[in-house]
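*Asks:* Sharing a structure below in structure tokens format, with a few things to ask.
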Amino acid sequence: MFSRFIYAQIVLFFLISSISAFDSEYFRLAKEPTVRIGLATNARSVSITTTDSGLVAISPDEPNRILTTNKITVAARSYRPPEVEFYNFEIQNIETQAEAEDLAKEIREATGEKAVASLNLTTNLWRVSVGETKETPEDANEFKSAMIEKGFEDIAIVIEKRVIPSEDAVALSQQLKEGGKSEVRSLVKPTGSSQPTNADAVNPNLREVIVSGATPESKYSSLKSVAFGSLNERAVPVRLNGKAYRGKLEVFVNSRGTLTVVNVVPMEDYLLGVVPNELGLPSLEAQKAQAVAARTYAVANVGGYASQGFDMLPTVWSQVYRGVSSENSRATQAVRETSGIVATYKGKPINALYTSTCGGRTENSGNIFDFDEPYLRGVECSLEGHKHFESFLIKSSRELPKINDENQLELVRLTSQFAVNNFLMATNRFSDEWFNLPPNETELRSWTNQLALKFGKPAPVFSYDLVKSQEFADMLAKMIYAPEQADTLLSDSDINYQLSFADSGDIDKEKRANIAMLFRDGWLSLYPDFNFHPHRPLTRERMIRLINNIYTKKKWLPAMQTGVTKPTADGKLVLKSGKSEKQVVVNPNVFLFRQFGDQYFQVKEVALVGGESVAYQTNGLGEVIYMEVKPTDEPTVAENMSPFTMWNVNLSASAVQSRLSRYVRGIGTLLDVNIKQKGYSRRATELELITSNGIKTLKGGKIRSAFRFKEQLFVMNKRYDGNGRAVSYSFTGRGWGHGVGMCQYGAYGLGKMGVKYDAILKHYYTGITLSKAY
């Protein structure tokens, strides 16, 4: 059977023949492709095991070997050509030449076999060589017996050992001679039985794969590549140095004389070990988008490391692949539900690049790499306009206040707090007019009863006259003080001293002592005109501020719960709680406030994208009935949950020069660095280096590589010396990765917002089509 290793011919032919209709809109493969992942490229020895009953070994042009063991070690050594035994026949120790020649003649005449006399130079005696050389002991013994029957009992079998290169050695030598730049040093083609065995044609530097196990069947060597799998390959993975992989593990010798180990695995099984490692965030739609991107990338990059014998590496240089141990149910569901789907542009699989955290915008591929693909264009890492925030909204059914008087903005907030603490407000909408009127009878009864309850006093005998300043104050004094406390403890002089304002004479005599004590203790205040207006009805504004003063002094307003949000889910408040999260139901009639500048304003909806500070109060059912939101200062794009959103690096001028000089030659002394050009995403795409040897430039993705930054989306703040030379650099940036293609954290954010995987892919890859390739 042919080794999978000859994929460079087979797979590429397969792909070319399958995609010959690239001009058509759709892309199809005849069947699910197999991919080759280079797990190890310089191993001296490896352990291959299985939990199955045994391993099976497969090499080109050979029947499968059942190794009858579930553990082997594989290494490489210099090729040792086999020593082959040949069987010759002689009658030995003849004294003279004449005797030997006579005997030879007799044998020829009696048997018809060839018989030749010759001198044995070792013993200086003569011998007669009889018949043809035999290759097996059985043939040799049979021939000897026949000669004895014919009377030649002195005939002896003489064993000759010869070192003869195998057909595989000749074939491998020819493969290496014709192999061009291939680094593969094991035979990956059928040998054929007609090839001549010619020792002169054998490469003297051949190395072979050595298989060592506990059973005779598992001890052998081979010049061919050897693929190992479990007997029940689909159900039981095979392990490389203890780590489990689906499919087979192919081992061959490389140009360094060590071993390369390749996981040969069906595409969909490969993706099971890629998706959870490339995007392990808890969003099925994001992981489905990742599955399609990873599948497309793999299809488009078949043969990416052809000279080394595989398609891709299991690292960030290709796609992170960690085998069976990294698989999980959500990622597996994502792979299964998108099976065979790839992203194409004008009929071709796209180069589906993706980046961890794009910093708010992705970039045109031509500004980072040496290729400029029309589908790899810079886009915002968010939905358009208000739509981006729809899934994050907390909403309230309350009417918004109608306020023109700036002084009453804070009053809306205070009144709302009292409303959720059992103070009846007879309105669905706060307004200047409502605040400027006295409370109605129902409100007044509710408010005075709540005060009595808090002071631990009986509810006052209700009269609407309590709405007047002196009546309300007198009621309040009877709640705060002991009976007749003011009249007993204050002299007339004390009373007059405390009531030294213009209209104090209008206060009823029997109420003067109580009101004087209230002013003394800071419970009351005057109107702006320096009057108390004892018979004037208190407006709602005046009474609410007075009540707030009482509650503040007494610390009666319940402490609100506080927290930091995570993105809203299904209209619920989601709060960070250690390493987990807590969801709280929000009452539809919630009083909702959001900070703008230094003021809180009542709003009908607020977007909680994560990171906002909130203060809230709940009712007996645990529902949020009042909430204040302080906006986050973190980015609000879809990727905002990434830990790599913002970063800062400070470097000295010498450190900057050291890093840049590895990519730009002949700098001399670096004097300054400027961003000369920016891309769509505001990434630096060209740097201007002012040096003692003139102006130099650095472009594209080399900027990030040279600085060794997480990203190249940054701004620079520099300090200069007195000679105009930059002496220190402070870089503030966003993101992690090259910034091209799908933003993985952005995909997660969009998935959390309810965006489907196909829309996520079409957002980040411009003008693509999703095709069922197999």
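*Asks:* If residue 543 meets every condition in (1) under 30 Å from residue 588 (Cβ atoms); (2) modelled with pLDDT of 95 or more; (3) surrounded by fewer than 16 Cβ atoms within 10 Å (Cβ to Cβ) apart from one, which number is that one?
*Replies:* (3)
*Asks:* With 156, 169 as the choices, which residue is within 30 Å of residue 110 (Cα to Cα) and either out of contact with any Gly (no Cβ under 8 Å at 6 or more places or on another chain) or at pLDDT 90 or above (or both)? Working first, answer last.
*Replies:* On the way: 169 fails: within 30 Å of residue 110 (Cα to Cα).
Only one candidate passes the filter, namely 156.
*Asks:* For region 232-247, what are the residues that are within 17 Å of residue 47 (Cα to Cα), open to solvent by 50 Å² or more (accessible area, probe 1.4 Å) and touching an Asp or Glu at 6+ places or on another chain (Cβ under 7 Å)?
*Replies:* If the condition is that a residue be within 17 Å of residue 47 (Cα to Cα), open to solvent by 50 Å² or more (accessible area, probe 1.4 Å) and touching an Asp or Glu at 6+ places or on another chain (Cβ under 7 Å), then 246 is the only one that fits.
*Asks:* All but one of (1) farther than 30 Å from residue 362 by Cβ; (2) modelled with pLDDT under 95; (3) outside any loop (DSSP other than H, G, I, E, B) hold for residue 428; state the number of the condition that does not hold.
*Replies:* For residue 428, the failing item is (3).
*Asks:* While we're here: So residue 648 fits all but one of (1) more than 27 Å from residue 748 (Cβ to Cβ); (2) assigned to a strand (DSSP E or B); what number is the exception?
*Replies:* Result: residue 648 passes all but (1).
*Asks:* Any residue in region 440-453 that is part of a helix (DSSP H, G or I), over 29 Å from residue 621 (Cβ atoms), open to solvent by 80 Å² or more (accessible area, probe 1.4 Å) and basic (Lys, Arg)?
*Replies:* Within region 440-453 (the criterion being part of a helix (DSSP H, G or I), over 29 Å from residue 621 (Cβ atoms), open to solvent by 80 Å² or more (accessible area, probe 1.4 Å) and basic (Lys, Arg)), the answer is no, since none of the residues qualifies.
*Asks:* Just for region 600-625: of the residues that are within 21 Å of residue 429 (Cα to Cα) and touching a helix residue (DSSP H, G or I) at 6+ places or on another chain (Cβ under 6 Å), which one is least open to solvent (accessible area, probe 1.4 Å)?
*Replies:* 602
*Asks:* Kindly list the number of the only condition in (1) of a type outside the set (Lys, Arg); (2) more than 60 Å from the chain's Cα centre (by Cα); (3) part of a strand (DSSP E or B) that fails for residue 101.
*Replies:* Status for residue 101: all satisfied but (3).
*Asks:* Let me ask something additional. Give me the pairs: first residue in region 606-617 and over 13 Å from residue 634 (Cβ atoms) and at pLDDT 90 or above, second residue open to solvent by 30 Å² or more (accessible area, probe 1.4 Å) and part of a loop (DSSP other than H, G, I, E, B), beta-carbon distance under 7 Å, and six or more apart or on different chains, which are they?
*Replies:* Between residues of region 606-617 that are over 13 Å from residue 634 (Cβ atoms) and at pLDDT 90 or above and residues that are open to solvent by 30 Å² or more (accessible area, probe 1.4 Å) and part of a loop (DSSP other than H, G, I, E, B), the close pairs are 615/560; 616/560; 617/558; 617/560.
*Asks:* Hey, another quick one. Being within 24 Å of residue 266 (Cβ to Cβ) and part of a strand (DSSP E or B) is the filter; apply it to region 337-366 and report the residue that is farthest from the chain's Cα centre (by Cα).
*Replies:* Out of the qualifying residues, it is 348.
*Asks:* If you check residue 266 against the conditions, is it more than 14 Å from the chain's Cα centre (by Cα) and open to solvent by 10 Å² or more (accessible area, probe 1.4 Å)? Steps first, please.
*Replies:* Working: more than 14 Å from the chain's Cα centre (by Cα): yes; open to solvent by 10 Å² or more (accessible area, probe 1.4 Å): yes.
Yes.
*Asks:* Let me ask something else about it. Taking the conditions exactly as written (within 14 Å of residue 726 (Cβ to Cβ) and assigned to a loop (DSSP other than H, G, I, E, B)), does residue 675 satisfy them or not? Give the derivation first.
*Replies:* Numbers: within 14 Å of residue 726 (Cβ to Cβ): yes; assigned to a loop (DSSP other than H, G, I, E, B): no.
For residue 675, the condition - within 14 Å of residue 726 (Cβ to Cβ) and assigned to a loop (DSSP other than H, G, I, E, B) - is not met.
Per-residue answers, yes or no, for (1) touching a strand residue (DSSP E or B) at 6+ places or on another chain (Cβ under 7 Å); (2) under 30 Å from residue 581 (Cα atoms); (3) surrounded by fewer than 21 Cβ atoms within 10 Å (Cβ to Cβ):
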{"site": "458", "(1), (2), (3)": "no, no, yes"}
{"site": "486", "(1), (2), (3)": "no, no, no"}
{"site": "512", "(1), (2), (3)": "no, no, no"}
{"site": "562", "(1), (2), (3)": "yes, yes, yes"}
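*Asks:* Also: Return the residues of region 401-425 that are in contact with an Asp or Glu (Cβ under 9 Å, 6 or more places away or on another chain), in a loop (DSSP other than H, G, I, E, B) and either surrounded by fewer than 16 Cβ atoms within 10 Å (Cβ to Cβ) or charged (D, E, K, R) (or both); say none if nothing qualifies.
*Replies:* If the condition is that a residue be in contact with an Asp or Glu (Cβ under 9 Å, 6 or more places away or on another chain), in a loop (DSSP other than H, G, I, E, B) and either surrounded by fewer than 16 Cβ atoms within 10 Å (Cβ to Cβ) or charged (D, E, K, R) (or both), then 404, 405 are the ones that fit.
*Asks:* How do the helices (runs of 4 or more DSSP H) wholly within region 696-774 filter down when requiring 3 or more residues that are open to solvent by 40 Å² or more (accessible area, probe 1.4 Å): which remain?
*Replies:* Working: elements: 702-707, 744-752, 757-764.
It comes to 702-707, 757-764.
*Asks:* When residue 256 is evaluated against the numbered criteria (1) of a type outside the set (Gly, Ala, Ser); (2) surrounded by fewer than 23 Cβ atoms within 10 Å (Cβ to Cβ); (3) in contact with a Leu (Cβ under 9 Å, 6 or more places away or on another chain); (4) under 21 Å from residue 47 (Cα atoms), which criterion, by number, is the only one it fails?
*Replies:* (3) is the only condition that residue 256 fails.
*Asks:* Residue by residue through region 144-169, note down the ones that are open to solvent by less than 20 Å² (accessible area, probe 1.4 Å) and in a helix (DSSP H, G or I).
*Replies:* Quick first cut of region 144-169, residues open to solvent by less than 20 Å² (accessible area, probe 1.4 Å) only: 147, 152, 155, 165, 169.
Across region 144-169, the qualifying residues are 147, 169.
The values are calculated or read from the model by the stated rules, or taken from the named source; none is laboratory data. From a predicted model like this one, the values you see are computed outputs, not experimental measurements. Here the Cβ is made from the backbone with ideal geometry for all residues, glycine too, and neighbour counts use every protein chain on show. Areas reflect the complete protein model, heavy atoms only, side chains present, ligands, DNA and RNA absent. Shrake-Rupley method; radii C 1.70, N 1.55, O 1.52, S 1.80 Å.
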